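Before any comments, here is the structure.
The values are calculated or read from the model by the stated rules, or taken from the named source; none is laboratory data. Only a predicted model underlies this, so the values are computations on that prediction, with no experimental measurement involved. Note that each Cβ is placed from the backbone with ideal geometry, even for glycine, and that neighbours are counted across all protein chains shown. With ligands, DNA and RNA removed, areas are computed over all heavy atoms of the protein, side chains included. Shrake-Rupley method; radii C 1.70, N 1.55, O 1.52, S 1.80 Å.
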Amino acid sequence: ENLLKDQILMFNYLKKKKFNESKLKSISFRHKSEKIDIIPIGFWILKNQKLLKLVNQKRRKFNHFFISDISKNINKTKLFFTNILKDKNMCLFLIKSKINLVDGIIGIKLEKKIIEIYFVLKLSKSSNMGKSLKNIIFFLEKNHKIKNLIVKVFSNNLRAKKLYFNQGFKKFKKNYLKKIKINGMHKHTICKKNHSNVNYNYETLKLKVWAF
């Protein structure tokens, strides 16, 4: 129970008001002689219009691989970040390899001593997402003794599945999906097999961490 409290404190502790404060909490590594920083996202992102627009644009581009579509409304994107920043069980990391380049975002969510890789969004053509995910998993295992992780992904999202399989994730279970449209926006709900109207399903992949 004390370990669980430590984990929850960790998420709040990482959410800084200023970018430079967050950068001090970075997980850093080198990949192909390039320094990569995994920076915990803090409240500073709510004022970074350029980054908010980029996230919104890329997230809309990949709407078809998410449970629900999002619109062009930047305020709703800001609200998404606000809700996560206020949630003690969640944290987002910004992957950054160059001063003017952000590679992507990886989010984690703590639930019943299991970490869910909650939000993975590639923001550039860089190949640093896999290595970054591996370093986040290593950080969680080493510092917070996390042994079990899951990620949920559409079965037709082959590129994402390859990323997770390369980290050691295995198929755990699947749910069937029904796709509906509300006010021009698509949304998926979990349903029984005979109610599904799409040719893909929602797979849960699981990773048991032994050691890297």
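At a glance:
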quantity: Any hit, the range 132-145, residues being small (Gly, Ala, Ser), closer than 27 Å to Ser97 by Cα and crowded, with 18+ Cβ neighbours inside 10 Å; calculated: yes
quantity: Neighbours by Cβ (under 7 Å, 6+ apart or cross-chain): first from the range 174-201, in contact (Cβ under 8 Å) with a residue 60 or more places away in the chain and closer than 17 Å to Phe65 by Cβ; second open to solvent by 60 Å² or more (accessible area, probe 1.4 Å) and assigned to a strand (DSSP E or B); calculated: His186/Lys179; His188/Lys178; His188/Lys179
quantity: Conditions (1) in contact (Cβ under 8 Å) with a residue 60 or more places away in the chain; (2) within 29 Å of Thr189 (Cβ to Cβ); number of the one not met by Arg60; calculated: (1)
quantity: Those residues of the range 141-168 which are of a type in the set (S, T, N, Q) and more than 24 Å from Leu14 (Cα to Cα), in sequence order; calculated: Ser155, Asn156, Asn157, Asn166, Gln167
quantity: Single match in Ser97, Ser71 (criterion: more than 16 Å from the chain's Cα centre (by Cα) and under 19 Å from Ile39 (Cβ atoms)); calculated: Ser97
quantity: Subset tally (residues that are outside any helix (DSSP H, G or I), more than 13 Å from Phe81 (Cα to Cα) and open to solvent by 10 Å² or more (accessible area, probe 1.4 Å)) for the range 21-54; calculated: 13
quantity: When residues of the range 101-126 are limited to those that are open to solvent by 30 Å² or more (accessible area, probe 1.4 Å) and of a type outside the set (D, E, K, R), the one nearest to Asn20 (Cα to Cα); calculated: Leu101
quantity: Of all residues in the range 55-100 being assigned to a helix (DSSP H, G or I) and open to solvent by 90 Å² or more (accessible area, probe 1.4 Å), the one that is farthest from Lys25 (Cα to Cα); calculated: His64
